[in-house]
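The values are calculated or read from the model by the stated rules, or taken from the named source; none is laboratory data. Note that the coordinates shown come from a computational prediction; the quantities given were computed from them, not determined experimentally. Ideal geometry is used to build each Cβ from the backbone, glycine not excepted, and the neighbour counts take in all protein chains shown. Note: accessible area is taken over every heavy atom of the protein model, side chains too, but ligands, DNA and RNA are not part of it. Shrake-Rupley method; radii C 1.70, N 1.55, O 1.52, S 1.80 Å.
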Amino acid sequence: MSVADPVANLQALIRCPSVTPAEGGALTGLETMLKPLGFTVERMVASEPGMPDIENLYARIGTDGPHLMFAGHTDVVPPGDEASWSHPPFAAEIADGELFGRGAVDMKGGIACFVAAVARHIEQHGAPKGSISFLITGDEEGPAVNGTTKLLKWAAEKGERWDACLVGEPTNPDVLGDMIKIGRRGSVSGKVVVHGVQGHAAYPHLADNAVRGALSLASSLMDPPFDTGTPEFPASNLEVTTLDVGNPATNVVPEKATFAFNIRFNDTWTADTVKAEILRRLDAAAATNPLRPGRDSTRYEMTWADRPSHVFLTRNDALIGSLTASVKDITGKEPKLSTTGGTSDARFIKDYCPVVEFGLVGQTMHMVDERVAVADLETLTRIYGDFITRWFADAVIR
Ligand SMILES: [Zn+2]
């Protein structure tokens, strides 16, 4: 098998059922592809009490700078009901020009293409003028505790330093060449418990309905908007995700109501300032609750979810410029530089080096019949190959 063929690479990877936290043979498969190319491959197992151990992989070719990292994950989300798939999720069958399987686009496809691109680069130009590394985790789709964060820390403690990183997550909404991600919004979640006084629904003056307080507090978080967006980011947005009272009686005023929320915020804020703004709004709403006229302040407790995701924006012309030029050259499209979507492991990598994301078309990720156009695999391999050549040429001149 030639690892210069992204289709064969992807089929081999999909046939390893690596549903988080299982390694499923996927990292071993990747190791088998990289070693003959001249990579030194290390497997790093990360542990955390109460969580399954996770296998990760770090591979490097070259000893000098400049150093380009490719990052991603081989773990996949569960396939769901396999009977719903038109081709089995771990069979990697090709039909009508499309390759079917869990992880086809998210993101074994990206890895398969980058391996092929590196193989072709070495075939044509010899070893890279610097170093290329693969930083691949088996824990991106899960809790992400034993994955990229620990792998980065482990590698950095061994003295690894990187000049730039490309994450191969599927970033294109419709067509290959649509979108490069140059940053991500931050994310903070929390839970609010509102306390009232239980009572008879017919004697409300003796009770204090917690639902009134919860509605008022929740509304204060949803309106007015936190900001109107920035040139690089959409407006920050908070959604109340659940509101629970659990009161089965129609004649009882509830004493407790709970709601939870999640905010995706742009670089107008940090995790700390956005939390402060949320508390300011809650305190203001608690003090002036229009749904409880003449009553004392609403009593509430706030609990923040662990580990907020920090917002980031990459400003690195060499990295963004090279990738944009490669996408344009190969696809003829001008990619949009975007910060939309959920969080990704790029949020951890940004603490070590500039990072951007570009991969396949994301339409079928996490869905039944996840699939990729075979032609896209070749195109992405050519984009990655062009990018490797450009980035090293540019980085060496610098
Ligand atoms: Zn992914």
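Only one residue in VAL361, VAL355 is in contact with a Cys (Cβ under 6 Å, 6 or more places away or on another chain) and within 16 Å of the ligand (Cβ to nearest atom). Which one?
VAL355
In the stretch 33-51, how many residues are in a helix (DSSP H, G or I) and surrounded by 14 or more Cβ atoms within 10 Å (Cβ to Cβ)?
Selection size over the stretch 33-51: 3.
Determine which single condition GLY65 fails, assuming it passes every other condition in (1) over 18 Å from LEU380 (Cα atoms); (2) within 21 Å of the chain's Cα centre (by Cα).
Going through (1) over 18 Å from LEU380 (Cα atoms); (2) within 21 Å of the chain's Cα centre (by Cα) one by one, GLY65 breaks only (2).
Could you say which residue among ASP351, ASP267, ASP345 is of a type in the set (Asp, Glu) and in contact with a His (Cβ under 8 Å, 6 or more places away or on another chain)?
It is ASP345.
Tally the residues that are at pLDDT below 95 and open to solvent by less than 60 Å² (accessible area, probe 1.4 Å), restricting the search to the stretch 272-304.
Summing the residues that are at pLDDT below 95 and open to solvent by less than 60 Å² (accessible area, probe 1.4 Å) in the stretch 272-304 gives 2.
Since GLY342 meets every condition but one in (1) of a type in the set (Gly, Ala, Ser); (2) surrounded by fewer than 18 Cβ atoms within 10 Å (Cβ to Cβ); (3) at pLDDT 95 or above, which condition does it not meet?
Unmet condition: (3).
Take the stretch 102-126 and flag every residue that is within 14 Å of the ligand (Cβ to nearest atom) and in a loop (DSSP other than H, G, I, E, B).
Across the stretch 102-126, the qualifying residues are ARG102, GLY103, ALA104, VAL105, ASP106, MET107.
Among the residues that make up the stretch 259-279, is at least one of them basic (Lys, Arg), more than 38 Å from the chain's Cα centre (by Cα) and over 13 Å from LEU215 (Cα atoms)?
Checked the stretch 259-279: no residue is basic (Lys, Arg), more than 38 Å from the chain's Cα centre (by Cα) and over 13 Å from LEU215 (Cα atoms).
Could you list, in sequence order, the residues of the stretch 127-142 that are within 16 Å of the ligand (Cβ to nearest atom) and either part of a helix (DSSP H, G or I) or crowded, with 21+ Cβ neighbours inside 10 Å (or both)?
Scanning the stretch 127-142 gives PHE134, LEU135, ILE136, THR137, GLY138, ASP139, GLU140, GLU141.
What's the number of the condition ILE54 fails, among (1) in a loop (DSSP other than H, G, I, E, B); (2) within 16 Å of the ligand (Cβ to nearest atom); (3) not polar (S, T, N, Q)?
Evaluating ILE54 over (1) in a loop (DSSP other than H, G, I, E, B); (2) within 16 Å of the ligand (Cβ to nearest atom); (3) not polar (S, T, N, Q) leaves (1) as the failure.
Return a yes/no flag: does the stretch 219-232 have any residue that is modelled with pLDDT under 95, open to solvent by 70 Å² or more (accessible area, probe 1.4 Å) and more than 20 Å from LEU279 (Cβ to Cβ).
yes
Of all residues in the stretch 357-373, how many are touching a residue at least 40 places away in the same chain (Cβ under 8 Å), assigned to a loop (DSSP other than H, G, I, E, B) and surrounded by fewer than 24 Cβ atoms within 10 Å (Cβ to Cβ)?
Looking only at that region, the number is 7.
The conditions are (1) away from the ligand (no atom under 16 Å from the Cβ); (2) under 18 Å from the mean Cα position of the chain (by Cα); (3) open to solvent by 30 Å² or more (accessible area, probe 1.4 Å); (4) at pLDDT 95 or above, and GLU157 fails exactly one of them. Which is it?
(2)
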